Amino acid sequence: MRIAVLFDGAGLARLGLEQAGHWCMGFEMDPWKHHLSKQVGAGRCLLADVRELTPEYLAENFDAVWASPPCQEHSVARTQGAVKKPDFGQGDLLALTVELLGAFPGPVWVENVDAPGVREIMSATGQYDKWNAHQFLPEPVQNRTRLIWGRHRTPHTFRGYRPYVPGICPCITATEDRGCASDRRRASRFYGRKLTPEECAYHQGFQIPEGWWDLPPGWRGTKVQWRNQIYEAIGNGVPVYMAKAFGEAYEAA
């Protein structure tokens, strides 16, 4: 299938769908995340504002749509604080997304956090299911509960849904750069120390491309700040193995 991946971020969901054999095109409005995404998988990602896409354009050019709108408006953890980049995510992008995709004729996946506001929007406009990343690997490495709204086939899983499985790393967050031994909000609480970006990527199911470490043209921050961008991109992503499982429910392109 030809799949549009809206709010592509660093390309993790797209990578999983590509691994399932599909042709994908990402759309990302944050230039720094777009820079990272171009180095992941096939690298097909447009720097574009999803709010400017139309249902007609998507229906004419794609067979299916995956969307992971930013969740700052709804996240119960709120580890990202206030929305700092209004040009990249102002307003409730989840509500906009479900409205945009409500009449899309093919498979649709809209992924987001499990929070009251998200459940309210999704239940008012369709059906959603709860999933946990631990379901999608033979040997699970992460607890990460997410809601997925839309019309799609049920993916293969290795076990049933549970909101939390003891003995497995908690959800990798977008702020693991602030983790420490005494942390109670991030995955570092499981390990008793701050995780490296490479360790965060492992839990999300991929290896960091070498080019990610190079400062991109136009970056005005420090190397440490760019490293924190990488932490954020990983923590905001969809586990690659999770997206792959949803993609594998359909024949490859």
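Residue-wise test of (1) modelled with pLDDT of 95 or more; (2) in contact with a Pro (Cβ under 6 Å, 6 or more places away or on another chain); (3) at negative phi; (4) not β-branched (Val, Ile, Thr).
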{"residue": "GLY126", "(1), (2), (3), (4)": "no, no, no, yes"}
{"residue": "ALA133", "(1), (2), (3), (4)": "yes, yes, yes, yes"}
{"residue": "PRO138", "(1), (2), (3), (4)": "yes, no, yes, yes"}
{"residue": "GLN142", "(1), (2), (3), (4)": "yes, no, yes, yes"}
{"residue": "ARG153", "(1), (2), (3), (4)": "yes, no, yes, yes"}
{"residue": "HIS156", "(1), (2), (3), (4)": "yes, no, yes, yes"}
{"residue": "ARG162", "(1), (2), (3), (4)": "yes, no, yes, yes"}
{"residue": "PRO170", "(1), (2), (3), (4)": "yes, no, yes, yes"}
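Against the conditions (1) outside any loop (DSSP other than H, G, I, E, B); (2) in contact with an Asp or Glu (Cβ under 8 Å, 6 or more places away or on another chain); (3) among the hydrophobic types (A, V, I, L, M, F, W, C); (4) in contact (Cβ under 8 Å) with a residue 60 or more places away in the chain, where does TRP131 fall short? Just the number, please.
TRP131 satisfies all of (1) outside any loop (DSSP other than H, G, I, E, B); (2) in contact with an Asp or Glu (Cβ under 8 Å, 6 or more places away or on another chain); (3) among the hydrophobic types (A, V, I, L, M, F, W, C); (4) in contact (Cβ under 8 Å) with a residue 60 or more places away in the chain except (2).
For VAL76, which of the numbered conditions (1) at pLDDT 55 or above; (2) closer than 27 Å to ARG159 by Cα; (3) surrounded by fewer than 19 Cβ atoms within 10 Å (Cβ to Cβ) fails to hold?
With respect to (1) at pLDDT 55 or above; (2) closer than 27 Å to ARG159 by Cα; (3) surrounded by fewer than 19 Cβ atoms within 10 Å (Cβ to Cβ), VAL76 is out only on (1).
What are the residues in segment 36-66 that are of a type outside the set (A, V, I, L, M), surrounded by 24 or more Cβ atoms within 10 Å (Cβ to Cβ) and within 22 Å of TRP226 (Cα to Cα), if any?
Within segment 36-66, the first condition is being of a type outside the set (A, V, I, L, M), and the residues that meet it are 37-39, 41, 43-45, 49, 51-52, 54-57, 60-63, 66.
Next cut, surrounded by 24 or more Cβ atoms within 10 Å (Cβ to Cβ) only: 37, 45, 66.
The answer is SER37, CYS45.
Which of the residues belonging to segment 12-30 are within 22 Å of ARG227 (Cβ to Cβ) and without any contact (Cβ under 8 Å) to a residue 60 or more places away in the chain?
GLU28, ASP30
So, of the residues in segment 128-179 that are more than 22 Å from ILE234 (Cβ to Cβ) and either of a type in the set (A, V, I, L, M, F, W, C) or in contact with a Lys or Arg (Cβ under 8 Å, 6 or more places away or on another chain) (or both), which turns out to be surrounded by the most Cβ atoms within 10 Å (Cβ to Cβ)?
Among those residues, the one meeting the criterion is TRP149.
Check every one of the helices (runs of 4 or more DSSP H) wholly within segment 181-240 and list those with 2 or more residues that are of a type in the set (Val, Ile, Thr).
Here the list reads 223-235.
Could you grab me the full set of residues in segment 108-128 that are in contact (Cβ under 8 Å) with a residue 24 or more places away in the chain and either of a type in the set (Phe, Trp, Tyr) or touching a helix residue (DSSP H, G or I) at 6+ places or on another chain (Cβ under 9 Å) (or both)?
The answer is VAL108, TRP109, VAL110, GLU111, ASN112, GLY117, VAL118, ILE121, MET122, THR125, GLY126.
What's the number of the condition ALA20 fails, among (1) surrounded by fewer than 21 Cβ atoms within 10 Å (Cβ to Cβ); (2) over 15 Å from the mean Cα position of the chain (by Cα); (3) among the aliphatic types (A, V, I, L, M)?
(1)
The values are calculated or read from the model by the stated rules, or taken from the named source; none is laboratory data. Every value quoted in this text rests on a predicted model; they were computed, and no experiment measured them. We place every Cβ from the backbone using ideal geometry, glycine too, and count neighbours over all the protein chains shown.
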